[in-house]
Structures are given as C-alpha cells and as structure tokens.
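The values are calculated or read from the model by the stated rules, or taken from the named source; none is laboratory data. Just so it is clear, the model here is predicted, and its values are computed rather than measured. Note that we place each Cβ from the backbone using ideal geometry, even for glycine, and neighbour counts take in every protein chain shown.
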Amino acid sequence: MKTWFITGVSSGLGQAIAEAALAAGDRVVGTLRNEKHLSAFAALSAGRSFAVVLDVTDYSDVQPSIDRIEREVGPIDVLVNNAGYGHEGTFEESTLEDLRRQFEVNVFGAVAVTKAVLPKMRKRRSGHVINVTSMGGLITMPSLSFYHGSKFALEGLSEALGKEVKDFGIHVTAVEPGSFRTDWAGRSMNRAPRGVEDYDTLMNPIRERRIAMSGKQLGNPKKLGEAVVKLVNSENPPAHLLLGSDAIKLVEQKLENLRAEYAAWKEVTLSTDFIDESAAGNPFA
C-alpha cells in the first residue's frame, strides 16, 4: 500500500487522481483550501483517505504539514503536485501581479511542497514526484502566455530534478494533460479584463469559444486518474507523460515545426562557434 500526497483534491484532476489511487487500494492524503470539504474527502475511504487544509503558497505551513503527515499517516511514497489554475489574457493586458500569482501557485507552490518531501524520499532511497504540468508546458496558444510561462518553468524544473535524484531511487514525471472535462476553463480560470481594442479580433472569439467548450472537453478525468496510477506502478516511469489525444497531436505538430525551423537556420546556428576544435563540448555538462 502506497501513501500518496496530492495537492488540490477538491475537484478536477486532483480529485480524479485521488479516487483512482484509493480504488487501487492505496492511502491518499489530499490538500484542500476550504475546511468545509474536509469531511467529504475523508469519507471517501475510511482509514485510507485523509484531508488537510493547506494553501501551497503559504510556505511557512508546508513543511510542518508534511512532517505531521509523515508522522501521523506514514512516509509519502508518491507526491502529486496538482494544485494550480489558468490565467487567460493577452500578455499586454495582463498585469505583473497576475504573473506573480500565476507563478506563486503553479511553480513556487509545487517547488515548496517538493522541497519539503524530497529529503525524506532521498533518505529512504525511494519515491515518485509527479508534477501535473500541461500540454501547455510544451506548446503555446495566444491568450495564455502567463499560464504557459508557469508550465514551461515547471517542465524544466521537473526534468532537471529527475536527473539529480535518479540515483537515489526517486522518479520524477511531468504529467502533461490536454483538454479534460474539468472546471479549468470555467470557474477556476482567472480572466484578465479586456481593454485594448487591437486585440478584439483575436481575443473575443477565443474567450467565447473557451467558455462555450468548458465542460465539453474530450478528456475523461477518471481515465486520467487511472493512467497516473498505472504510471506510478510501472517499473520504468517516463520523465514526461502526455495524456489526451489533443495533447499528442499538438505536441507532435510542435516538434515537426521546431525541426523544420532549426533545419532552415542550421547554417546560421553553426556559424557562431570559434573555429577551434579543442574548445568543442557541452558547456552545461
């Protein structure tokens, strides 16, 4: 029986992952920001579902919460950094405060929780850290620049961390969902006010379409939860896991475009080195 710690389980993908882990016979500690939801989550599976009130951006409370869970429930085998939200708005119309809040939740919150859990996993020489990023951590769309920035950041952190801790028996996976039938594009999304008419032709149809499609997305959260359980139980989990047919389609298209662009500019790329073979090598190695 594994012990999971999942942030943001009141709804959406976090709830789906928690339910799948419980259905597999594991223990789940889930974080909520509202005390009124505690009893409902704890009642999902008596003795195996535990709820705690935690705002991942309240950094002073993160480490004490993790210590208490490890002491009262047991060692955390699987950490799922799921808590997050989307910010919709053009780059120009969104504020610096919008950007700070987006990164506080989607990036710094995940980092704070991981740093609290990681030393214990390292000492036990086992564990799995799962960061729920997005296909939006690999591809971009207009109107989501701040959201993409946060998810691209989490992708880079995840990949580098995985290389640092692999010799300690710890796996790190960036789970990259496409569009799933949750409240992400509905009540959970922060939308910047419109004010620059030049963007009307671009933004108005995007916003209307996104609102209309909320709740009608192709992705099934229940199946995503089951896929994450399969990931955790695999012998050789990947560093990246795309989930959803739209995710694989859009990311494959991005890869093709990158290859074409790099090839078209390869001559310029190769023209910037010193002509000195002794200096060749990877400066980041």
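Return the total of residues in region 34-54 being free of Cβ contacts under 8 Å to residues at least 24 places away in the same chain and either of a type outside the set (Gly, Ala, Ser) or closer than 17 Å to Ile76 by Cα (or both).
Final tally of qualifying residues: 7.
Is at least one residue of region 214-221 closer than 19 Å to Asn81 by Cα and either in contact (Cβ under 8 Å) with a residue 60 or more places away in the chain or of a type in the set (D, E, K, R) (or both)?
Among the residues of region 214-221, at least one is closer than 19 Å to Asn81 by Cα and either in contact (Cβ under 8 Å) with a residue 60 or more places away in the chain or of a type in the set (D, E, K, R) (or both), which makes the answer yes.
Output the residue which, of all residues in region 117-126 that are within 12 Å of Glu70 (Cβ to Cβ) and more than 17 Å from the chain's Cα centre (by Cα), is surrounded by the most Cβ atoms within 10 Å (Cβ to Cβ).
Met121
Look through region 51-89, keep the residues that are in contact with a Ser or Thr (Cβ under 8 Å, 6 or more places away or on another chain) and among the charged types (D, E, K, R), and return whichever of them is farthest from Leu144 (Cα to Cα).
Result: Asp77.
Out of Asp198, Asp246, I need the residue that is loosely packed, with under 13 Cβ neighbours inside 10 Å and acidic (Asp, Glu). Which one?
Going through Asp198, Asp246 in turn, just one is loosely packed, with under 13 Cβ neighbours inside 10 Å and acidic (Asp, Glu): Asp198.
Any idea how many residues of region 13-46 are assigned to a helix (DSSP H, G or I) and in contact with a strand residue (DSSP E or B) (Cβ under 9 Å, 6 or more places away or on another chain)?
The qualifying residues number 16.
Is it the case that region 168-191 has a residue that's closer than 30 Å to Ser126 by Cα, surrounded by fewer than 20 Cβ atoms within 10 Å (Cβ to Cβ) and among the aromatic types (Phe, Trp, Tyr)? Working first, answer last.
Kept after step one, since they are closer than 30 Å to Ser126 by Cα, are these residues of region 168-191: 168-178.
If we keep only those that are surrounded by fewer than 20 Cβ atoms within 10 Å (Cβ to Cβ) as well, we get 168-169.
Subsequent filtering for residues that are among the aromatic types (Phe, Trp, Tyr) retains 168.
Yes, region 168-191 contains at least one residue that is closer than 30 Å to Ser126 by Cα, surrounded by fewer than 20 Cβ atoms within 10 Å (Cβ to Cβ) and among the aromatic types (Phe, Trp, Tyr).
Any residue in region 227-235 that is part of a helix (DSSP H, G or I), modelled with pLDDT under 95 and farther than 20 Å from Leu154 by Cα?
no
Tell me which residues, restricted to region 68-106, are in contact (Cβ under 8 Å) with a residue 40 or more places away in the chain, of a type in the set (Asp, Glu) and either surrounded by fewer than 18 Cβ atoms within 10 Å (Cβ to Cβ) or more than 22 Å from Ala18 (Cβ to Cβ) (or both). Full working, then the answer.
Just the residues of region 68-106 that are in contact (Cβ under 8 Å) with a residue 40 or more places away in the chain, to begin with: 69-70, 73-95, 98-99, 101-106.
Going one step further and asking which of them are of a type in the set (Asp, Glu), we end up with 70, 77, 88, 92-93, 98, 104.
Once the filter is applied, which keeps residues that are in contact (Cβ under 8 Å) with a residue 40 or more places away in the chain, of a type in the set (Asp, Glu) and either surrounded by fewer than 18 Cβ atoms within 10 Å (Cβ to Cβ) or more than 22 Å from Ala18 (Cβ to Cβ) (or both), region 68-106 yields Glu70, Glu88, Glu92, Glu93, Asp98, Glu104.
With respect to the numbered conditions (1) part of a loop (DSSP other than H, G, I, E, B); (2) within 22 Å of the chain's Cα centre (by Cα); (3) at pLDDT 95 or above, which one is the sole condition not fulfilled by Ser10?
(3)
Can you tell me how many residues in region 67-98 are within 19 Å of the chain's Cα centre (by Cα) and charged (D, E, K, R)?
3
Could you identify the single residue in Gly109, Gly74, Gly89 that is modelled with pLDDT of 95 or more, under 25 Å from Lys230 (Cα atoms) and among the small types (Gly, Ala, Ser)? Write out each step before concluding.
Working: Gly109 fails: under 25 Å from Lys230 (Cα atoms); Gly89 fails: under 25 Å from Lys230 (Cα atoms).
The conditions single out Gly74.
Only residues in region 153-168 that are farther than 28 Å from Leu99 by Cα count as the first member; pair them with residues that are surrounded by fewer than 17 Cβ atoms within 10 Å (Cβ to Cβ) and of a type in the set (Lys, Arg), Cβ under 9 angstrom, at least 6 apart or cross-chain, and list the lot.
Pairs found: Val165/Arg122; Phe168/Arg122; Phe168/Lys123; Phe168/Arg124; Phe168/Arg125.
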